[in-house]
1. Return the only residue of Ser28, Ser19 being under 24 Å from the mean Cα position of the chain (by Cα), in the same structural domain as Ser169 (by TED's automatic domain parsing), exposed (fewer than 13 other Cβ atoms within 10 Å of the Cβ) and within 28 Å of Ser144 (Cα to Cα).
2. Could you tell me whether Phe223 is touching a helix residue (DSSP H, G or I) at 6+ places or on another chain (Cβ under 9 Å), farther than 22 Å from Arg268 by Cβ and aromatic (Phe, Trp, Tyr)?
3. On the basis of being of a type in the set (D, E, K, R), at pLDDT 95 or above and loosely packed, with under 13 Cβ neighbours inside 10 Å, does Glu147 make the cut?
4. Can you name every residue in the range 48-60 that is in contact (Cβ under 8 Å) with a residue 40 or more places away in the chain, assigned to a helix (DSSP H, G or I) and surrounded by fewer than 19 Cβ atoms within 10 Å (Cβ to Cβ)?
5. For Ser104, indicate whether it is surrounded by fewer than 18 Cβ atoms within 10 Å (Cβ to Cβ), modelled with pLDDT of 90 or more, farther than 30 Å from His129 by Cβ and polar (S, T, N, Q).
6. Which of the residues spanning the range 169-183 are surrounded by 15 or more Cβ atoms within 10 Å (Cβ to Cβ) and either aliphatic (A, V, I, L, M) or at pLDDT below 95 (or both)?
7. What are the residues in the range 53-78 that are within 17 Å of Ile151 (Cβ to Cβ) and charged (D, E, K, R), if any?
8. Out of the residues in the range 61-76 that are out of contact with any strand residue (DSSP E or B) (no Cβ under 8 Å at 6 or more places or on another chain) and not in a helix (DSSP H, G or I), state the one that is surrounded by the fewest Cβ atoms within 10 Å (Cβ to Cβ).
Amino acid sequence: MNQKYNEIMELFGVKEFKSIIKKWDILSENMEAVVGRPRIVLPDLLWIMNSGVGRTNLLNHLAEYLYSKGNLMDFSGDVKFFEFILNYHSNNPTINEIQRFMDSVRKAAGFRNEFRGVICIDVDEWTNHYEDKRFVSFLELLASHSEEWLIVLSVSETENLDNFIAAVSTYLRIETLKIEMPVTDDLLVYVKNKLLSHGLSTSDKNDEKIKCTIEKLKENKNFDGFKTLDMLVQDIVYEHFCVPDSQKGELPDTIIEKFTSDSEYINRLNSKKKSAKTIGF
């Protein structure tokens, strides 16, 4: 067990992500025990996850863990991982996305002229176009680099993914992981830890109010997971330290009341329209 492994095991939720890391940790130990054994190529991953679970954070943990093990895959380039959104253009018969993707690979390689590492590709726009020749060409490209890149395909949770997964499996060895949002109790701990980093704590009574606030936020389709909770914490801290003579310690009820589930703040936050998809969430 190493530090990077322990950090992953301490993450909230993400049970299936932790499960694959445990599996690979056993693989690493077995490979270490047999001198001269050829390296086993890891399967690529397909993550089924909705916005807000913290994709970039998980990718960072994944790449750092694999790098720390040393015998599971090689790394080369300016970065250990990068993210790419594969856009779908219904009226464009060309495969310009492949060129754009390879430009990203070259950028990640830097002066070393070769990238070896983790690449996360958001293929949400292609889940209903898996038979498109452009997508097939893209999968063939990925398959040709199976020993250089660990591919993580990212899609949102939908009801009709079976055919898409079957199509991808024709070209890539993949393991499918469902990455779910942590339960409310874990999200409360996350908020409390964030507040604690500012020297602020909450009473048991106010913990219940914050839990209700988190539940209210989760009900909204625009809930962006940790990103939304980070905004909540930032606003609580801001409001607290804008009051004269504010100090570190337990947050007063007057501050928490501004952020309860029926507060004007939460109603306003829940009414915001969801922004366009961005890398990292």
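The values are calculated or read from the model by the stated rules, or taken from the named source; none is laboratory data. Computed from a predicted model, the values in this text were never measured in an experiment. Neighbour counts run over all protein chains shown; Cβ positions are idealised from the backbone, glycine included.
1. Values: Ser28 fails: exposed (fewer than 13 other Cβ atoms within 10 Å of the Cβ).
Testing whether each residue is under 24 Å from the mean Cα position of the chain (by Cα), in the same structural domain as Ser169 (by TED's automatic domain parsing), exposed (fewer than 13 other Cβ atoms within 10 Å of the Cβ) and within 28 Å of Ser144 (Cα to Cα) leaves just Ser19.
2. Values: touching a helix residue (DSSP H, G or I) at 6+ places or on another chain (Cβ under 9 Å): yes; farther than 22 Å from Arg268 by Cβ: no; aromatic (Phe, Trp, Tyr): yes.
Judged against the criteria, Phe223 is not a match.
3. Working: of a type in the set (D, E, K, R): yes; at pLDDT 95 or above: no; loosely packed, with under 13 Cβ neighbours inside 10 Å: yes.
Criteria not met by Glu147.
4. Going residue by residue through the range 48-60, those that are in contact (Cβ under 8 Å) with a residue 40 or more places away in the chain are 48-59.
The next check asks that each one be assigned to a helix (DSSP H, G or I); those that pass are 55-59.
Hits for the range 48-60 are Thr56, Asn57.
5. Details: surrounded by fewer than 18 Cβ atoms within 10 Å (Cβ to Cβ): yes; modelled with pLDDT of 90 or more: yes; farther than 30 Å from His129 by Cβ: no; polar (S, T, N, Q): yes.
Here the answer is no, as Ser104 does not meet what is asked.
6. Those that are surrounded by 15 or more Cβ atoms within 10 Å (Cβ to Cβ) and either aliphatic (A, V, I, L, M) or at pLDDT below 95 (or both): Leu172, Ile174, Leu177, Ile179, Glu180, Met181, Pro182.
7. Arg55, Asp74
8. If we take residues in the range 61-76 being out of contact with any strand residue (DSSP E or B) (no Cβ under 8 Å at 6 or more places or on another chain) and not in a helix (DSSP H, G or I), then Gly70 is surrounded by the fewest Cβ atoms within 10 Å (Cβ to Cβ).
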